[in-house]
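What follows is a single structure, written as structure tokens, with notes after it.
The values are calculated or read from the model by the stated rules, or taken from the named source; none is laboratory data. As the structure is a prediction and not an experimental result, all values here were calculated from the model. Cβ atoms come from the backbone with ideal geometry, glycine included; neighbour counts cover every protein chain shown. Calculation scope for accessible area: heavy atoms of the full protein, side chains included, ligands and nucleic acids excluded. Shrake-Rupley method; radii C 1.70, N 1.55, O 1.52, S 1.80 Å.
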Amino acid sequence: MTKRQNRIGTSIRDDARPSGRLMVDQPWDALVVQFSEIALKGGNRRLFTKKLAWNIKKALADGPETIERTHDRLMIKTTPERAGDVARRVAQVFGVSHVAPVRYLPLDFQRMKEEAILIYKSTGPDGRSFVIRIKRANKQFPLTSTQMEQQIGAAVVEATGAPVDLHNPDLVISFQVKQDGVFLVGPPEFGPDGLPIGVSGRVLTLFSGGIDSPPAAWMMMKRGCLTDFIHFYAQPGPEAVMDSKITELIETLLRPHGMSARLFAIPYESFEMALLTSQVPQELELILFRRFMARVSAAVARQKECSAIVTGDNLSQVASQTMANLVAFDDAVDLPVFRPLLAHNKQDIVDLARRIGTFEASVRPYKDCCSLVARHPDTNPKLRIVRDVESGLPIEEMTATAIASMSTYIIRGSSAGKEQNP
């Protein structure tokens with residue numbers, strides 16, 4: 001099986017989809033969940049695996065599955081009928097490298113040969129190439145991994161006439177030899193890797209509803225962050241936001257994880273009113289609006305115990321995201337601003353949006369606040385001038401009014417409910 005790395009840094013294995021027949025027809029005992037980066041956490045590994053197990057449990061909350069933790073993997077007890085669906089759902093959880101069905105076998109080399117032959121005969125047409133892969137954790141087992149691979153492979157060839165292909169086989173038959181038995185491992189469903197959500201703290205994502213902000217939030221979630229969302233709206237009221245694509249997009253991000261998040265809906269009105277009564281050059285309107293959003297977001301983040309702000313900014317993608325304009329944005333806040341998409345090509349971001357299921361909703365028409373402000377900002381504003389013009393606006397009053405008018409919602413994957421404003 002081949003693995004390629006797409007340009008935005010997300011593992012994709014195009015040909016590694018598990019066979020539905022193999023998943024269902026074989027009497028699998030469990031699913032084994034492997035992780036990669038978590039394995040490097042040394043003394044903190046237990047905390048990370050505990051969080052991963054908890055996140056998987058939430059993702060499978062509607063099922064009867066149970067999860068067992070060991071030092072190097074998680075085991076999910078399920079049924080053969082549910083194994084395929086459970087594997088696909090677990091493979092969307094951050095922190096998972098791959099998940100595969102397993103059958104428990106005794107430490108019996110002859111039994112391993114028989115099972116390999118059975119797997120080959122029962123999972124597809126004759127003539128397919130195959131390879132045997134062995135991982136031997138039990139060093140007391142009398143044969144080495146290479147010896148077992150050669151002898152089991154020879155037994156399959158003798159019984160079926162199948163060709164061996166060490167580099168690009170049609171079927172991989174895998175065994176893991178443990179201290180107390182053998183795992184026959186079925187075809188894997190590959191996950192996103194990363195870290196379990198919740199191990200890296202909480203952030204607040206500026207969420208416009210465009211193409212970029214959902215992938216930005218997704219990438220921060222992949223690095224273990226819980227994320228809440230803040231949206232500045234120009235709709236008649238916050239109820240219109242709840243009926244828009246904004247909640248749909250957030251639900252899409254949360255649904256695979258069975259998690260909830262807060263959405264803070266902020267009206268654009270206080271900035272608009274200040275703009276009407278001031279003398280702001282048109283080329284600075286959007287820059288000052290972004291600084292207004294930054295100030296409000298920082299205040300909400302502190303109030304709601306979020307440690308940083310996240311944006312979908314992409315360096316020089318549009319006029320408001322030049323180096324000078326990003327500096328002007330950061331100058332307005334005293335919290336870290338994370339930009340996970342900063343150095344990526346636009347096509348990479350579009351590809352990721354398609355893959356995580358947010359692209360179609362993102363490109364639907366929506367009345368974004370930035371479209372109401374002058375569209376041709378200065379691409380190289382002088383920070384001194386920006387601050388000077390901004391000093392003519394009632395910044396503290398605008399910020400306080402916006403926060404006082406904020407509506408707070410809880411988004412729970414497929415449903416949403418309004419929470420009492422603090």
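Does Leu372 meet the test of being at pLDDT 90 or above and among the hydrophobic types (A, V, I, L, M, F, W, C)? Answer is no for this residue.
Give me the pairs, please: first residue somewhere in region 392-407 and touching a residue at least 40 places away in the same chain (Cβ under 8 Å) and under 19 Å from Phe229 (Cβ atoms), second residue anywhere and among the hydrophobic types (A, V, I, L, M, F, W, C) and open to solvent by less than 20 Å² (accessible area, probe 1.4 Å), beta-carbon distance under 6 Å, and either six or more positions apart or on two chains. Taking only residues 6 or more apart or on different chains, the pairs are Thr399/Val296; Ala402/Ile266; Ala402/Val296; Met406/Phe264; Met406/Ile266; Ser407/Ala265. If I ask for residues that are over 25 Å from Ile76 (Cα atoms) and in contact with a helix residue (DSSP H, G or I) (Cβ under 6 Å, 6 or more places away or on another chain), which ones from region 182-202 would you list? Hits for region 182-202: nothing passes.
Any residue at all in region 315-323 that's buried (at least 20 other Cβ atoms within 10 Å of the Cβ) and free of Cβ contacts under 8 Å to residues at least 24 places away in the same chain? The answer is yes; a qualifying residue exists. The strands (runs of 3 or more DSSP E) located wholly in region 53-157 that include 3 or more residues which are closer than 14 Å to Gln176 by Cα and modelled with pLDDT of 95 or more occupy 130-136.
Determine, yes or no, whether Ala116 is out of contact with any Gly (no Cβ under 7 Å at 6 or more places or on another chain), under 15 Å from Asp29 (Cβ atoms) and either of a type outside the set (Phe, Trp, Tyr) or open to solvent by 10 Å² or more (accessible area, probe 1.4 Å) (or both). It is false that Ala116 is out of contact with any Gly (no Cβ under 7 Å at 6 or more places or on another chain), under 15 Å from Asp29 (Cβ atoms) and either of a type outside the set (Phe, Trp, Tyr) or open to solvent by 10 Å² or more (accessible area, probe 1.4 Å) (or both).
If you take the residues in region 246-255 that are out of contact with any Pro (no Cβ under 9 Å at 6 or more places or on another chain) and either charged (D, E, K, R) or under 24 Å from Val318 (Cβ atoms) (or both), which one is most open to solvent (accessible area, probe 1.4 Å)? Ranking the qualifying residues of region 246-255, first place goes to Arg255.
Number of residues in region 196-224 that are at negative phi and open to solvent by 10 Å² or more (accessible area, probe 1.4 Å): the value is 13. Any idea which residue in region 256-303 is nearest to Trp54 (Cα to Cα), counting only those that are open to solvent by 10 Å² or more (accessible area, probe 1.4 Å) and part of a strand (DSSP E or B)? Looking at residues that are open to solvent by 10 Å² or more (accessible area, probe 1.4 Å) and part of a strand (DSSP E or B), I get Arg262.
Residues of region 376-399 that are open to solvent by 60 Å² or more (accessible area, probe 1.4 Å) and either on the phi > 0 side of the Ramachandran plot or part of a helix (DSSP H, G or I) (or both): Arg384, Ile385, Arg387, Asp388, Glu396, Glu397. Residues that are open to solvent by 10 Å² or more (accessible area, probe 1.4 Å) and in contact with a Lys or Arg (Cβ under 9 Å, 6 or more places away or on another chain) within region 119-134 comprise Ser122, Thr123, Gly124, listed in sequence order. Candidates are the residues of region 158-172 that are touching a helix residue (DSSP H, G or I) at 6+ places or on another chain (Cβ under 9 Å) and open to solvent by less than 70 Å² (accessible area, probe 1.4 Å); the one that is modelled with the lowest pLDDT is Leu171.
Cβ-Cβ distances below 9 Å connect the following pairs, each with a first residue in region 69-85 that is under 16 Å from Lys57 (Cα atoms) and without any contact (Cβ under 8 Å) to a residue 40 or more places away in the chain, a second residue that is assigned to a strand (DSSP E or B) and open to solvent by less than 50 Å² (accessible area, probe 1.4 Å), and a separation of six or more residues or different chains: Arg69/Met75. Comparison of Ala353, Ala343 shows that the only residue that is of a type outside the set (Asp, Glu), over 22 Å from Ala234 (Cα atoms) and surrounded by 23 or more Cβ atoms within 10 Å (Cβ to Cβ) is Ala353.
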